[in-house]
Amino acid sequence: MLLAFDTSSAAVTVALATPAGEIVASSTTVDALRHGELLAPAIAAALDTAGITPRDLTGIAVGVGPGPFTGLRVGLVTARTMGEVLGIEVSGVCSLDILARQSTLTLPVAVATDARRKEIYWALYDGPAADGSRRRLEGPAVDKPADVAHVLSGLPVIGRGVVLYGEVLGVAAPGDSAVGVEYPSAEVLAAGVATGTLEVVAPDPLYLRRPDVTMSSGPKSVL
């Protein structure tokens, strides 16, 4: 059984999937300030719903962002600690890729999420392949909405960013282009990793900062 979760946004989302990608348990709670309180009980509830214990898990999939570092740290530390204790593989997935995979549109799409500080994390994606996967064409990056409005112009935009900055991005209304998709879904993450339709990366934080902000001397540790 594959356990999947993402804490890169205001949502804490958890799911369990079979090796074939069938979802057997899931939950999502939106609360930007309680990732640390919500994740462990949500995992325990999913395991209980499925009638299994942590020792029955065969793998873990976790969203690696981009996202605010505090939220990312909760998910990544949990995933890496569980993987170490249980001796199972931990797979990371770009959280913007998860959102793009959630879209049912048959067109190329853009993803824009809330980076706080009146900025967005964004990426561009090709139209879906036969298996539903999407190829990332550009990004992820972080910018002021007005600075990348011309890049996203003409594309359906998915994610919380369009809810917050739709007017600046030139999107008529979230319901028209975002089709209700605001946060990454652990169900999509679990199914995508189980079926190989999401690109897997190392479970390290994808923590982005603007080019005009002084960078630290090295990557932040999540442990």
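The values are calculated or read from the model by the stated rules, or taken from the named source; none is laboratory data. As the structure is a computational prediction, the values presented were derived from the model and not from experiment. Neighbour counts are summed over all protein chains in view; Cβ atoms, including those assigned to glycine, are modelled from backbone coordinates with ideal geometry. Each accessible area value is taken on the protein alone, full model and side chains, heavy atoms only, with ligands, DNA and RNA left out. Shrake-Rupley method; radii C 1.70, N 1.55, O 1.52, S 1.80 Å.
Annotations
- Span-rule helices in the chain, defined as complete DSSP H runs reaching 15 Å or more along the axis (Cα) with Kyte mean at least -0.5: 35-50, 69-86
- Calculated mean residue ellipticity at 222 nm for the chain: -10000 deg cm²/dmol, from DSSP H runs with n ≥ 4 weighted as -39500 (n - 2.57), summed, divided by the residue count and rounded to 500.
- Taking every protein chain into account, the 1.4 Å probe leaves L86 with about 30 Å² of accessible area, to the nearest ten.
- In Å, descending, principal axis extents of the Cα set of the chain: 49, 42, 27
- A DSSP coil position with no more than 13 other Cβ atoms inside 10 Å describes the following GluC sites (Glu not before Pro) in the stretch 17-105: E22.
- Each residue, E37 and V24, gets one label point 7 Å from its Cα in the Cβ direction; the gap between the two is 3.1 nm.
- Debye log10 I(q)/I(0) at q = 0.14, 0.18, 0.29 Å⁻¹ for the stretch 1-55, Cα point scatterers: -0.34, -0.54, -1.13
- Neighbourhood net charge (15 Å Cβ-Cβ; Lys/Arg +1, Asp/Glu -1) for A42: -4
- Relative contact order of the stretch 48-142, defined on C-alpha pairs under 8 angstrom at six or more residues apart (%): 22
- When only the Cβ of Lys, Arg, Asp and Glu is charged (+1, +1, -1, -1), the dipole of the chain relative to its Cα centre reaches about 480 debye.
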